[in-house]
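Participant: Next up is a structure, given as structure tokens.
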Amino acid sequence: MSDRWNPGIAFAELTDVGMRRANNQDSMVSLPAKTEERYWTRGHLFVVADGMGAHAAGELASKIATDQIAMHYFRNTEEKPAEALRKAVAKANSEIHQRGQSNPEFHNMGTTACSLALVPEGALVGHVGDSRVYRLRKGNFEQLTFDHSLVWEMEASGHIDTSIWGKSIPKNVITRSLGPNPEVDIDIEGPFPLEPGDTFLLCSDGLTGLVEDAEIGALIDCLPEELATRVLVDLSNLRGGPDNTTVIIVRVKSSDTTGGGQPPRKKRDQSSNQLLPMLIGATILSVVATVVAAVIGYWGVMITTTMLTLICAGVTTFQLINNRSPEPEEPVIMGGKGPYRCYDATPNAELYQRLGATVQALKDASRQNNWMMEWKKVEKYQARGIQALEAKDAKGAIRCQAQAIIETMNQLREQNNRAANETAIER
């Protein structure tokens, strides 16, 4: 691996069991390309899976999904990335199905899976279920995946107005997942062209079930990757955390990841181009020497120069063929119909207040239940946030509110630990 290779991205990942679950059935994998060659063949790969099933079956299903998708995607070097990604997800489905059929405890286990591959052609998305992939670009937060859920399927069919009846339809009923069936329909979206500054989010529904899309987009826009993953998970937990939450944020930093460079093979061709004039010159000199030797009757020299001419001509011809302009590649076929929804992620005072309401709700609960929680740091961050709003610095205000949310969650964890210790002592 070259020390000079710059993958052109920054990313952060975080998964959390939540506030009500005993185990984490989410899985994730982040595999940025570690070499230039790997980038040009398969790019960077990120996967999030949300498992379903009792007796740790969901946990196993999601782990199989992330492992199998990554393994098969990188192994398949013969096909274009989009088809390699589709087949990798299909193989993961087959493996989960076989494991479920072979063990009664794992029968019908399943998992959602959303995958993001950043390749020279752009961003590719492969997904099954209701885990999501988003893109943030210049204040627009776009959902690139279609939820395979009852609500989304009914809305797409046009048979029901979800604005009226949507609340009566269970949101957690999914219509597609990996594992229950031997075969599954896989959505492939993209490639979506990349620009420096593009930011992608992969997440399980533990996040999107509790945090609004516009809130998510604004927090990602205002915060560095590590801090954004932390505050999104903490915000979900402060709002009840009934499910596991997994978040991967990937930000495109430079044009190296937007198809602006050249494949390594083309770079190596430059040395061949420099050698070609020398070979042509040597061929011409050999021809001249052969003619001169024939005129003056130096037959031994003529035989030698003739052989040299043939060798130089052969090598020159090979280089000319090798360096000719490559045949134009087949056009990349766009997959899917995404993005499916778009939200304004511009930070503003309303968003600041909405995030602050979550902190205030925990403050109220703390007072009502006489919890021993320290609020000085939280109030300090929020005071700075108000100052930032007054200075028309909405991003700065959101950053302060994010710090307040993280500190609030820290306080809640300490309170829960104290309560657990007290319960253990009483027993």
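Participant: Answer yes or no as to whether PRO170 is at pLDDT 95 or above and either closer than 14 Å to PHE46 by Cβ or of a type outside the set (Gly, Ala, Ser) (or both).
Facilitator: no
Participant: Still on this structure, I have one more. For the range 44-71, enumerate the residues that are at pLDDT 95 or above and of a type outside the set (A, V, I, L, M).
Facilitator: HIS44, PHE46, ASP50, GLY51, GLY58, GLU59, SER62, LYS63, THR66, ASP67, GLN68
Participant: Go over the candidates GLU153, GLU183, GLU83 one by one and state the one that is at pLDDT below 95 and acidic (Asp, Glu).
Facilitator: Going through GLU153, GLU183, GLU83 in turn, just one is at pLDDT below 95 and acidic (Asp, Glu): GLU153.
Participant: Separate question: All but one of (1) over 21 Å from GLU142 (Cα atoms); (2) under 19 Å from the mean Cα position of the chain (by Cα) hold for ARG239; which doesn't?
Facilitator: It fails just one condition, (2).
Participant: Could you list all residues from the range 349-387 that are of a type in the set (Gly, Ala, Ser), modelled with pLDDT under 95 and in contact with a helix residue (DSSP H, G or I) (Cβ under 8 Å, 6 or more places away or on another chain)?
Facilitator: Matches in the range 349-387: SER366 only.
Conditions (1) under 20 Å from GLY209 (Cβ atoms); (2) surrounded by fewer than 23 Cβ atoms within 10 Å (Cβ to Cβ); (3) small (Gly, Ala, Ser); (4) in contact (Cβ under 8 Å) with a residue 60 or more places away in the chain, marked per residue:
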residue: ASP26; (1), (2), (3), (4): yes, no, no, yes
residue: VAL48; (1), (2), (3), (4): yes, no, no, yes
residue: GLY58; (1), (2), (3), (4): yes, no, yes, no
residue: TYR73; (1), (2), (3), (4): no, no, no, no
residue: GLU79; (1), (2), (3), (4): no, yes, no, no
residue: LEU85; (1), (2), (3), (4): no, no, no, yes
residue: ALA88; (1), (2), (3), (4): no, no, yes, no
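Participant: Could you tell me which of the residues THR346, THR317 is at pLDDT 80 or above, out of contact with any strand residue (DSSP E or B) (no Cβ under 8 Å at 6 or more places or on another chain) and of a type outside the set (A, V, I, L, M)?
Facilitator: Every option except THR346 fails the conditions.
Participant: Between GLU105, GLU83, GLU121, which is closer than 28 Å to SER254 by Cβ, out of contact with any Pro (no Cβ under 8 Å at 6 or more places or on another chain) and among the charged types (D, E, K, R)?
Facilitator: One residue alone meets the criteria, GLU83.
Participant: Of the residues GLN382, GLN403, GLN415, which single one is more than 22 Å from GLU225 (Cα to Cα) and either in contact (Cβ under 8 Å) with a residue 12 or more places away in the chain or in a helix (DSSP H, G or I) (or both)?
Facilitator: The match here is GLN415.
The values are calculated or read from the model by the stated rules, or taken from the named source; none is laboratory data. Only a predicted model underlies this, so the values are computations on that prediction, with no experimental measurement involved. FYI the Cβ positions are ideal-geometry reconstructions off the backbone, even for glycines, and counts take in every protein chain you see.
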